[in-house]
Amino acid sequence: MRYPYSDILRMPSVPRLLSAAVIGRMPVGMGALAIFLLVRAAGGSYATAGLAVGASTVAGCVGAPILGRLVDRQGQPRILYASMTSQVVALLLLALLAPGSGPELFLLCALYGFSNPPLAASMRATWATLITDRSLITRAFSLDSTAQEVIWILGPVLAAGLAEGISPRLPMVVMAAFSAAGVIWFATSHESRTWRSKHVGERHLLGPLMAGPVRRVLLSILGLAFAWGALELAIPAYAQENDASPGGLLAIWAVGSVIGGLAYAARRWSSSPQRMMGILLALNLVGFLIIFLAQTPVQLGILLLITGVVNAPVIATFYVLIEELAPRGTVTEAFTWVSTTFLVGISGGVALAGIVADAFDPRTAWWLAVGGGMFAVLAVVVRHRGLHARQHALPTEDTV
């Protein structure tokens, strides 16, 4: 059997661009835990550590669409270098000062989050220029979403190992090195230097959000992200109450996603991405219901491995749809809105799951995932035709 990604990886520059994007995004996987451990080591409270992580997350949600729009207007290297430089400065100052509290802590965390280089969005915007065979685009985004799991599997492990084994300052330095190496390797490539967004003249203030189909996809992403965020807290809470490994169960879930991504890329799908998204979201919802069958942590781990198989394919389908539906001249910004929507949904799910788990029990919080999954399905099932682009040009201020 031929390796499912061989067609993509044999294309010139794809291994370099993909590797650079993964390396440059490692701070995303390391950041939350690294900041938490740094603040705690400096004597900060749990509340302060949580607020510091929250500051970086909120700033990232604000900064991502802004940086994405700038990439669409000015090209990739200039914005990637500028944002990387700002992020590296913030990380090195955090390592040098190691603040446990105070305004400098929140300012530097916010700068770190706001300046996160839009490497993921730039990589996804580049796929359309690298791949002329549209039948391979789903496989390319599946490769992207599968590779992304490396960040979430290795990032927290690396952050914890460096902080606890050597120094809580060291993860900040390593994150700065990852950011610089990834951006430089990516932005110096011919594909990045020559990439240009399709120009459409004056852009509307709302950018890709002016397109109804894009908003529909983002609503679905919001529901799914809320569900995943709820499980990211409720599953570790359940594990702690049952003397199991919280990180182990989440890692099993991520492994299932990798398996699903590989399997999804092993064949070409004849159904439209709109139809595939509906099917995959429905399967995700079924998975949220299936985990209630678990009576022990071992049973839960097995079910998470099975249900996680859908995760990477559904993310890949989201990317395909956004690339297809985003108005001309806004594709990078559109991809940053995907990241921002995921962050908002996950944060909301984590926060509400914590409240429900405290008030009742962790298994009750699993129902939040069911609710988020139902919302995601309804967002694409109701008025299904609304997920098809009516036009590719973005309305300008004068035509709205």
- Return yes or no: is Leu93 in a helix (DSSP H, G or I), within 19 Å of Met175 (Cα to Cα) and at pLDDT 95 or above? yes
- Query: So is Leu107 surrounded by 22 or more Cβ atoms within 10 Å (Cβ to Cβ), in the same structural domain as Leu80 (by TED's automatic domain parsing) and under 21 Å from Ile66 (Cβ atoms) or not?
  - Reply: no
- Matching residues in region 156-170 - criterion: being buried (at least 17 other Cβ atoms within 10 Å of the Cβ) and either not small (Gly, Ala, Ser) or not assigned by TED's automatic domain parsing to the domain that holds Asp72 (or both): Pro156, Leu158, Leu162, Pro168, Arg169, Leu170
- Message: So Ser19 ticks every box in (1) in contact with a helix residue (DSSP H, G or I) (Cβ under 7 Å, 6 or more places away or on another chain); (2) within 17 Å of Leu154 (Cα to Cα) but one. Which box is left unticked?
- Response: (1)
- Query: Counting residues that are buried (at least 22 other Cβ atoms within 10 Å of the Cβ) and hydrophobic (A, V, I, L, M, F, W, C), which helices (runs of 4 or more DSSP H) fully inside region 3-52 reach at least 2?
  - Reply: 14-24, 26-41
- Which of the residues belonging to region 97-129 are more than 13 Å from Arg25 (Cβ to Cβ), in contact with a helix residue (DSSP H, G or I) (Cβ under 7 Å, 6 or more places away or on another chain), part of a helix (DSSP H, G or I) and of a type in the set (A, V, I, L, M)? Leu97, Leu105, Leu108, Ala110, Leu111, Ala125, Ala128
- Query: Mind checking which residues of region 135-150 are buried (at least 21 other Cβ atoms within 10 Å of the Cβ) and of a type in the set (A, V, I, L, M, F, W, C)?
  - Reply: Ile137, Ala140, Phe141, Leu143
- Message: Can you confirm whether Arg216 is assigned by TED's automatic domain parsing to the domain that holds Leu300, at pLDDT 80 or above, under 30 Å from Arg69 (Cα atoms) and surrounded by fewer than 17 Cβ atoms within 10 Å (Cβ to Cβ)?
- Response: no
- Selection count, region 115-155, where residues are in the same structural domain as Leu170 (by TED's automatic domain parsing), in contact with a Gly (Cβ under 8 Å, 6 or more places away or on another chain) and among the hydroxyl-bearing types (Ser, Thr, Tyr): 1
- Message: Being modelled with pLDDT under 85 and either touching a His at 6+ places or on another chain (Cβ under 9 Å) or assigned to a helix (DSSP H, G or I) (or both) is true for just one of Ala237, Ala244, Ala225, Ala230. Which residue is that?
- Response: Ala237
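The values are calculated or read from the model by the stated rules, or taken from the named source; none is laboratory data. Predicted model only: the values in this text are computed from it and were never measured. Don't worry about glycine lacking a Cβ; one is built from the backbone with ideal geometry, like all the others, and counts go over all protein chains shown.
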